[in-house]
Every structure is written in C-alpha cells, then in structure tokens.
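The next block holds one structure in the form of structure tokens; read it before the comments.
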Amino acid sequence: NSGVMSLLRPLLLDAVPTIQQTAALALGRLANYNDDLAEAVVKGDILPLLVCSLSDQNRFYKKAAAFVLRAVGKHSPQLAQAIVQCGALEMLVICLEDFDPGVKEGASWALGYIARHNSELSQAVVDAGAVPLLVLCIQEPEIALKRIAASTLSDISKHSPELAQTVVDAGAIAHLAQMILNPDAKLKRQVLSALSQIAKHSVDLAELVVEAEIFPVVLTCLKDSDEYVKKNGATLIREIAKHTPELSQLVVNAGGVAAVIDCIGSCRGTVRLPGIMMLGYVAAHSENLSMAVIVSKGIPPLCACLVEEHEDHIKAAAAWALGQVGRHTPEHARAVAVANVLPTLLTMYMDIHSSEDLQMKASIFTKRALKNILQKCTYLPALESLLHDAPPNIMKHVVGQFSKVLPHDSKARRLFVTTGGLKKVQEIKAEPGSLLQEYINTINNCYPEEIVR
C-alpha cells in the first residue's frame with residue numbers, strides 16, 4: 001500500500017549486487033504472501049527485469065530471481081502463464097545447468113510450480129527442454145536437489161499420458177526406482193509420487209514402472225515411520241493394480257495385498273485411503289483376485305475402516321471395496337456377510353442418505369456396495385438382520401435373496417418361521433404387481449396357507 005513495489009523495481013538494476021539480490025528477495029516474499037501481491041509484481045513489469053538480468057548474474061541473484069518466479073507462479077495458472085510469456089522458462093532451464101546446486105534447486109522448484117497447474121503449462125516446461133536436465137538433477141549428490149527435481153518430474157507427469165511419456169523417454173524411471181530405498185523420507189515421498197503419476201495413466205506406463213523392479217522393494221515403504229511415505233507407497237501400488245487383472249496378479253504374487261492390508265490396519269485417516277482403493281481394484285478384477293483379498297484377511301480391516309473413520313469419503317471407499325470383494329459369488333458374499341458388514345453398511349447408508357447433498361457420492365457408493373453383496377448373498381442369518389431396518393429400495397434385494405434360497409432349503413424354511421422372518425415379510429407393504437410383491441409371493445408359496453396366515 002505504501003508503494004514499495006515501484007521503489008524495489010529500480011533496485012533490481014542497482015550497481016551493487018547485494019542490493020539487487022535483497023530487492024529480489026523482498027519482491028519474492030511479497031509475491032509469496034498472496035495472489036494479489038503476486039499480481040502486482042506482474043503488473044509492475046518486474047518479471048522482464050528479473051529475466052533479462054538472470055543469465056549474467058551471480059548465483060545469489062539467480063537463487064533470489066528463481067524464488068520470485070516461484071512465488072508468483074504458485075498462485076494460479078494465469079500468474080504462471082505470465083511467467084511463461086515473459087520468457088522465463090528458457091532462463092530457468094539454463095539455471096538447471098548451473099554449477100551451483102542451490103541455483104539448480106531454485107530453478108527446478110520454480111518449474112515445478114509452473115508445471116503443476118495444468119497440461120498446457122506443463123507442456124511449456126517440457127518444450128523448454130527441462131525434462132532431461134531434471135533427470136540429471138535427480139542423480140546429483142545433494143538430497144535437497146534430488147527431492148525438488150523428483151517433485152517437479154511428478155508435477156509434469158501427472159496431467160496426461162503424453163507428458164508422462166516424455167519423462168519416461170528421458171530415462172527417469174530407472175533413477176527414481178533406485179531411490180525408493182533412500183533413507184531420506186522426504187525424498188522417498190517425492191520419488192513414490194513421481195512413479196505413481198507415471199503409472200496411473202495407462203497399462204503400458206504402469207508396466208514400465210513395474211519392469212524397473214520396484215517390487216518387492218516398494219512394499220518396505222508401507223512399513224515406513226513417515227505417514228506420507230506410507231500413503232504414497234500405497235498410491236503407487238494402487239495405480240499399478242487398477243489397470244488389468246495381470247498387473248493385479250503381479251502385485252498379489254509379490255505379497256502386495258498382504259502388505260497393504262497390514263498397512264491399513266496400522267494407520268488411521270486419509271493415509272488408509274489409497275490402500276482401501278487398491279484392495280477394491282484388485283478384488284474387482286476377478287473371482288480369484290477377490291479371493292486373494294479374502295484369504296489374506298482383508299475384510300476385517302476394511303470393516304474397521306467403516307466403523308472407525310469419520311470422513312464420509314473414506315467410509316464410502318471402504319464400502320465400495322467391500323462391495324467389490326463380495327460381488328462375485330455366494331462364497332465371496334458370505335465371507336463379507338459373516339464379518340457382520342451388512343448391518344454396518346445399512347446404518348451408514350441410512351445416515352448418509354438422510355444428510356446433505358454433499359454426501360450424495362458416499363450414499364451412492366454405499367448403496368451400490370450393499371446391492372453388490374446382497375445380490376450374491378445366500379447366507380441367511382446375515383440377511384435376516386436387515387429385514388427389520390432396510391428401506392424399500394434395499395428391502396427388495398434382501399427379500400429377493402430369501403425368495404431364491406427358501407424354496408430349496410427346508411432347514412432354512414423352518415428357521416425363517418421360528419426367528420420371526422416370515423412374520424416380518426407379511427408386514428412389508430409392497431405395490432401389487434411389483435418385483436417385491438413377486439418375491440413375497442414366492443416366499444409365501446413355500447409354506448402352508450395356515451402358517452402364512
């Protein structure tokens with residue numbers, strides 16, 4: 001407000017190098033504060049001054065200038081675009097070849113902040129020739145530089161298969177894969193993130209990541225003391241397993257399912273989410289893979305997530321995963337039903353269903369999971385508990401399962417009367433001619449008239 005920007009601008013061209021650097025640093029800190037101030041830096045024509053003097057200045061100035069560019073570019077795609085337009089990318093790429101690791105780090109960081117916004121900006125960073133130099137940076141001895149360069153490669157790869165392919169073509173995967181076992185937690189986070197962003201796009205890219213022999217090494221990350229290493233490790237496994245039954249089978253053979261199940265059991269909150277999703281993806285592919293999740297004792301920790309977690313999206317993910325496990329055959333459904341999942345899902349569905357629109361998604365997932373399991377479930381004790389509470393749209397599936405099992409099972413027919421199930425069915429009000437009414441008629445036809453009355 002006091003007009004400091006216009007006073008700092010001429011100082012960028014001062015004859016004394018320390019004054020130039022300090023002025024740049026001040027501008028960087030202002031721009032870092034919020035997007036209005038970053039915009040003032042752009043409007044004050046400060047960027048061209050920084051860029052034109054970048055090439056011939058000393059390392060301290062280069063670091064300060066890269067900091068200003070990063071501080072401006074981080075706020076929005078529009079501000080990052082302004083940096084691209086003033087020709088800063090070429091200068092930043094030249095800085096990636098600087099002798100000083102701090103300059104490389106500053107340049108890499110600024111490029112990452114520009115690339116993370118969208119695929120156009122990311123493409124601009126690629127076109128400026130940054131990727132091969134970033135791959136060289138991850139091979140440097142300095143840990144801080146490795147971290148930032150890996151993070152930038154992750155930001156470039158995330159937008160599209162084509163951008164991820166450029167990173168792969170520069171030979172990044174092999175170097176990233178070697179660093180999975182690095183003792184530095186922050187570096188591991190970035191490395192796992194970059195590999196996930198590459199693997200997520202397509203089967204081919206996921207296979208390239210797998211071929212770099214990341215299994216079983218990556219499973220050690222699930223036991224890491226750092227929460228983000230755990231989370232990013234599970235995310236990487238999820239991004240590989242989701243594509244095809246073959247890739248899922250490969251993860252299972254490497255011991256990935258058991259390791260992810262242990263990981264879900266040992267942590268809380270959003271760290272669990274990628275692991276939950278990964279189990280759902282594996283189970284969704286085939287009966288055998290779903291059985292692998294059941295045999296590895298994956299159902300109890302997923303049930304625990306339904307009960308322990310408070311966030312709707314984590315609960316919904318657990319519900320979805322259980323639905324994928326139980327949807328294949330009566331045997332699969334029984335494994336889920338025996339764990340007493342159905343009443344929990346029903347309560348959750350009713351809770352979420354009665355609250356705001358925000359949870360629409362969670363509600364849909366929970367309903368779909370219930371439906372998936374119910375349509376295959378022939379384990380009657382689990383179904384009976386739902387007869388008393390289920391809303392009509394779920395009741396239809398519950399009664400439908402009884403109408404399939406009771407005609408062929410005399411022991412179940414007797415039990416159904418003594419537990420009060422048949423009585424409950426008589427109390428259900430169904431539309432004449434509806435599917436529910438047909439199911440009820442089928443059940444009633446299993447018994448003599450006087451028992452039904």
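Overview of results
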{"quantity": "Of 74/361; 230/376; 158/230, those spanning more than 26 Å from alpha-carbon to alpha-carbon", "calculated": "74/361; 230/376"}
{"quantity": "Mean Cβ neighbour count within 10 Å, used as a protection proxy, ranking 372-384, 261-273, 47-59 highest first", "calculated": "372-384, 261-273, 47-59"}
{"quantity": "Residue-wise HN-Hα coupling along the stretch 108-113, computed from phi with Karplus coefficients 6.51, -1.76, 1.60 (Hz; x: Gly, Pro)", "calculated": "4, 4, 4, 5, x, 5"}
{"quantity": "Karplus-derived 3J(HN,Hα), 6.51/-1.76/1.60, for each residue of the stretch 98-104, Hz, glycine and proline x", "calculated": "5, 6, 7, x, x, 5, 4"}
{"quantity": "Rounded percent of accessible protein surface that carbon and sulfur make up, the chain, 1.4 Å probe", "calculated": "53 percent"}
{"quantity": "FRET E, pair residue 288, residue 52, Förster distance 60 Å, beta-carbon r, rounded to 0.05", "calculated": "0.40"}
{"quantity": "Options 191, 159, 275, ranked by Cα towards positive dipole end of the chain, top entry (Cβ charges)", "calculated": "275"}
{"quantity": "Protection-proxy order for peptides 7-13, 88-94, each taking the mean of Cβ atoms within 10 Å per residue, highest first", "calculated": "88-94, 7-13"}
{"quantity": "The stretch 291-347-the stretch 193-243 distance, computed between alpha-carbon centres (Å)", "calculated": "24 Å"}
{"quantity": "Accessible surface, 1.4 Å probe, highest first, among residues 179, 5, 360", "calculated": "360, 5, 179"}
{"quantity": "Long-range HN-HN contacts of residue 201 with modeled amide H, under 5 Å", "calculated": "none"}
{"quantity": "Listed peptides 309-317, 231-239 by packing density, highest first (mean Cβ within 10 Å)", "calculated": "231-239, 309-317"}
{"quantity": "Cα-based helix-to-principal-axis angle, 360-374 vs the chain, degrees rounded to 10", "calculated": "40 degrees"}
{"quantity": "Rounded if a/c under 1.5, otherwise prolate or oblate - the stretch 131-231, Cα gyration tensor axes", "calculated": "oblate"}
{"quantity": "Given (1) 161; (2) 147; (3) 197, the label whose value is volume of the Cα convex hull per residue in Å³ derived from this model", "calculated": "(1)"}
{"quantity": "Helix-only CD estimate at 222 nm, as mean residue ellipticity for the chain, using -39500 (n - 2.57) per DSSP H run (n ≥ 4)", "calculated": "-22000 deg cm²/dmol"}
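The values are calculated or read from the model by the stated rules, or taken from the named source; none is laboratory data. Remember, it's a predicted structure, so these values are computed and weren't measured experimentally. Neighbour counts run over all protein chains shown; Cβ positions are idealised from the backbone, glycine included. Protein only, heavy atoms only, side chains kept; ligands, DNA and RNA dropped before computing areas. Shrake-Rupley method; radii C 1.70, N 1.55, O 1.52, S 1.80 Å.
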